[in-house]
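Taking it in order: structure first as structure tokens, then the write-up.
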Amino acid sequence: MLIGDRGKYLGIIMGLTFASLLITQQSSIFTGLMTRTYGAISDLAQPDIWVMDPKVQFIDDIKPLQDTELFRIRSVPGVAWAVPLYKGLLKARLEDGNYQICNVLGLDDTTLIGGPPVMLAGSLSDLRRQDAIIVNDVGASTRLAKPSRVPGGRPVPLQIGDTLEINDHRAVVVGICRVSRTFQSQPVVYTTYSRATTFAPRERKLLSFVLVKAQPGLDPQTLTRRIREQTGLAAHTAQEFKDLTYDYFMKYTGIPINFGIAVGLGFIIGTAIAGQTFYNFTLENIRYFGTLKAMGATNGILLRMILLQALLVGSLGYGLGVGAASLFGYLLGGTELSFRLTRELLVFAGSAIGLIIILSALISIRKVMTLEPAIVFKG
Amino acid sequence: MAVSPTDPAVYCRAVTKSYVSGPTKVMALQGVDLEVRLGELLMLVGPSGCGKTTLISVVAGILDHDEGECLVFQEDLRAMGRNSKTLFRGQNVGFVFQAFNLLPTLTALENVSIPLLLLGLKKTEALSQAREMLERVGLADRLQSLPAQLSGGQAQRVAIARALVHRPRLIVCDEPTSALDAGTGQKVLEVFRGTALAEDRALIIVTHDNRIFNFADRIARMEDGRIVAVESQVAH
Ligand SMILES: Nc1ncnc2c1ncn2[C@@H]1O[C@H](COP(=O)(O)OP(=O)(O)O)[C@@H](O)[C@H]1O
Ligand SMILES: [Mg+2]
């Protein structure tokens, strides 16, 4: 028993679609961005534990240790292996003379633990060659790309065999890899630990992190506690380090607030449009609500009618909005934009739309509940 | 609540009702005495603003009066709770409005089935009884029409079918012919007398259309919130 006209329905559905689109899309971008904050940690699947300076707040917050810490960590009982990792921003000079800041990762010379998750060309072991580096594909084809030979043409991606200068040291590309997007969009350059430390400016301490594997059967949590106690350094499991990084960005950057505002705006606009239209529509049909009431429809029945209508437009709006947001994510899949539509976000957007329609329906329900059926005889 | 055939369908004594809007108070009913018998068609006539609509609203249980006594089938509606009054209306009262008030997105058939659905009948059963009722008012060929596709006379016949389909014992109509031309109004009244009137049923029609007065059993005249005369019509 639905009453009302098609134009109004469309209006409500559009309002809800818009709200659902905005909420889903913005929160997906937000989640995508936040996932990037710890992309570098996700890429390093092998170690259980990251050891670092106690003052480190997130993955890109490098506070180097002395090389000797590596041996202290290796001597903690329960450590299967411990390898060094260099991580730092270094200046690379391109063929055309331009400079580009790169995110350089130096892997343990013997084991090469901490390498990229996917190799697209060349192999990780090629890093053992002279001056070898591996560059990520996005970096190779964008910021590190060589200028086109023809004026105005497309830049030529960096390829195996090309050379760069990193802090005045020669570097030869031996492989192209793919990495998870990180928050920093600099090109990612892999090399060995010892070569990274020669690239890096001379400093007393260069060891960014020590990556640790616990002996089989030993709970990583237990081992982190032991490492902390014996070395005075901070030791986090990979998940703890991700959480630490995530929390840092949540707490100390404007990102959550900005996205919160966008999502809140979607919510408010959606509520305003849907509520207003829904209420107008109730007012326009008040004669029919009155007629139903006179004919014996109890408030309970009318309540169910209104809620059913709200649910209908709500689900339609939600579906269309989420659909549009997914399409948006799909179309932008190959670009720099982060977009991550998780199941939790679907539930979140669904609850938001649910709340919007409940709020919208509420004022209409109030109106209809208190309606005097005597109005039906009014001309 | 056993109602003997001799009990009146509606019994009003000294019924008053006033509307307060801001500082002004309008005495719409100033002591109405009225009885409506089972099996009769009573017309309520009088100048505009004399309280006709207010009176049938009280009688139909959609408005509470202030003072006096008003019993409908021996029940004091004012004393009932809101929900039981709503259910009482659903069971016992049929409404016909000047503006028809058919739900615009539902077909004639669906509109007529509403009172039955509200009483809890299954949809198929409700639709089949609604179809039967529409056939009785001569609309067998307009079952699937939307209200906007019907003429005024047809729409009012759908409204009558809707008011009768659940066999209510009291039917109230507020100016049911005033939106119709004279000929159509006559036809609608014929439908009323032909299908609505029965031994165990009472019909109140508010009108100032004197061309249909001849359809009434009795005519009650109202002035300034009071019934001033009740005339019996003879011969039908
Ligand atoms: N809801 C209302 N609020 C205030 N005054 C009203 C209301 N309804 C009716 N009245 C007044 O009560 C009187 C009787 O109205 P009504 O019963 O509609 O008369 P009728 O149907 O005979 O034209 C009129 O003076 C009218 O202005
Ligand atoms: Mg009136």
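The values are calculated or read from the model by the stated rules, or taken from the named source; none is laboratory data. Being a predicted model, the structure only gives us computed values, none of them experimental. Please note: Cβ atoms are built from the backbone with ideal geometry, for glycine as well, and neighbour counts cover all protein chains shown.
So B:Gln129 clears everything in (1) under 21 Å from B:Ile56 (Cβ atoms); (2) part of a helix (DSSP H, G or I); (3) in contact with a helix residue (DSSP H, G or I) (Cβ under 7 Å, 6 or more places away or on another chain); (4) not charged (D, E, K, R) except one condition, right? Which one?
(1)
Name the single residue that is surrounded by the fewest Cβ atoms within 10 Å (Cβ to Cβ) among those in the stretch A:273-307 being within 10 Å of chain B (Cβ to nearest Cβ), of a type in the set (Ser, Thr, Tyr) and part of a helix (DSSP H, G or I).
The residue in question is A:Tyr288.
Determine which single condition B:Lys25 fails, assuming it passes every other condition in (1) away from ligand 2 (no atom under 15 Å from the Cβ); (2) more than 14 Å from chain A (Cβ to nearest Cβ); (3) crowded, with 20+ Cβ neighbours inside 10 Å.
(3)
Quick one: B:Arg82 ticks every box in (1) more than 16 Å from ligand 1 (Cβ to nearest atom); (2) in contact with a Leu (Cβ under 6 Å, 6 or more places away or on another chain) except a single one, so which number is it?
The number of the failed condition is (2).
Check A:Thr282, A:Thr291 and return the single one that is touching a strand residue (DSSP E or B) at 6+ places or on another chain (Cβ under 9 Å), of a type in the set (S, T, N, Q) and under 27 Å from B:Gly61 (Cβ atoms).
A:Thr291
Return the residues of the stretch A:180-191 that are at pLDDT 85 or above and surrounded by fewer than 21 Cβ atoms within 10 Å (Cβ to Cβ); say none if nothing qualifies.
Selection gives A:Gln186 alone.
In this structure, does A:Leu265 turn out to be closer than 30 Å to B:Leu170 by Cα and among the hydrophobic types (A, V, I, L, M, F, W, C)?
no
Tell me the residue from B:Phe88, B:Phe97 that is modelled with pLDDT of 95 or more and either more than 10 Å from ligand 1 (Cβ to nearest atom) or surrounded by fewer than 18 Cβ atoms within 10 Å (Cβ to Cβ) (or both), please.
B:Phe88
Only one of these conditions is not met by B:Gly49: (1) more than 11 Å from chain A (Cβ to nearest Cβ); (2) within 16 Å of ligand 2 (Cβ to nearest atom); (3) touching a strand residue (DSSP E or B) at 6+ places or on another chain (Cβ under 6 Å). Which number is it?
So B:Gly49 meets the others, but not (3).
Any residue in the stretch B:89-106 that is in contact (Cβ under 8 Å) with a residue 24 or more places away in the chain sitting within a Cβ distance under 6 Å of a residue that is aromatic (Phe, Trp, Tyr) and surrounded by fewer than 21 Cβ atoms within 10 Å (Cβ to Cβ)? List the pairs, counting only those 6 or more apart or interchain.
That search, which allows pairs on different chains as well, returns B:Leu103/A:Tyr288.
Can you name every residue in the stretch B:168-192 that is more than 13 Å from every other protein chain (Cβ to nearest Cβ), assigned to a loop (DSSP other than H, G, I, E, B) and away from ligand 1 (no atom under 16 Å from the Cβ)?
Within the stretch B:168-192, B:Arg169, B:Leu180, B:Asp181 qualify.
Hey, among the residues in the stretch B:102-134 that are within 18 Å of the chain's Cα centre (by Cα) and not hydrophobic (A, V, I, L, M, F, W, C), which one's nearest to the other protein chains (Cβ to nearest Cβ)?
B:Pro115
When you go through B:Leu44, B:Leu34 one by one, which is the residue that is in a strand (DSSP E or B) and within 14 Å of chain A (Cβ to nearest Cβ)?
Within the list B:Leu44, B:Leu34, the selection yields B:Leu44.
Name the pairs: first residue in the stretch A:357-379 and closer than 17 Å to A:Tyr288 by Cβ and within 14 Å of chain B (Cβ to nearest Cβ), second residue buried (at least 24 other Cβ atoms within 10 Å of the Cβ) and small (Gly, Ala, Ser), Cβ to Cβ under 7 Å, at least 6 apart or on different chains?
Pairs that qualify, where the first residue is closer than 17 Å to A:Tyr288 by Cβ and within 14 Å of chain B (Cβ to nearest Cβ) and the partner is buried (at least 24 other Cβ atoms within 10 Å of the Cβ) and small (Gly, Ala, Ser), are A:Pro373/A:Ala294; A:Ala374/B:Ser57; A:Val376/A:Ala294; A:Phe377/B:Ser57.
Take the stretch A:309-351 and flag every residue that is assigned to a helix (DSSP H, G or I) and either loosely packed, with under 13 Cβ neighbours inside 10 Å or aromatic (Phe, Trp, Tyr) (or both).
Answer for the stretch A:309-351, where residues must be assigned to a helix (DSSP H, G or I) and either loosely packed, with under 13 Cβ neighbours inside 10 Å or aromatic (Phe, Trp, Tyr) (or both): A:Tyr318, A:Leu327, A:Phe328, A:Tyr330, A:Leu331, A:Arg343, A:Glu344, A:Val347, A:Phe348, A:Ser351.
Here are some residues: B:Ser57, B:Ser84. Which one is polar (S, T, N, Q), within 16 Å of ligand 2 (Cβ to nearest atom), without any contact (Cβ under 8 Å) to a residue 60 or more places away in the chain and within 11 Å of chain A (Cβ to nearest Cβ)?
Of the residues listed, the single one that is polar (S, T, N, Q), within 16 Å of ligand 2 (Cβ to nearest atom), without any contact (Cβ under 8 Å) to a residue 60 or more places away in the chain and within 11 Å of chain A (Cβ to nearest Cβ) is B:Ser57.
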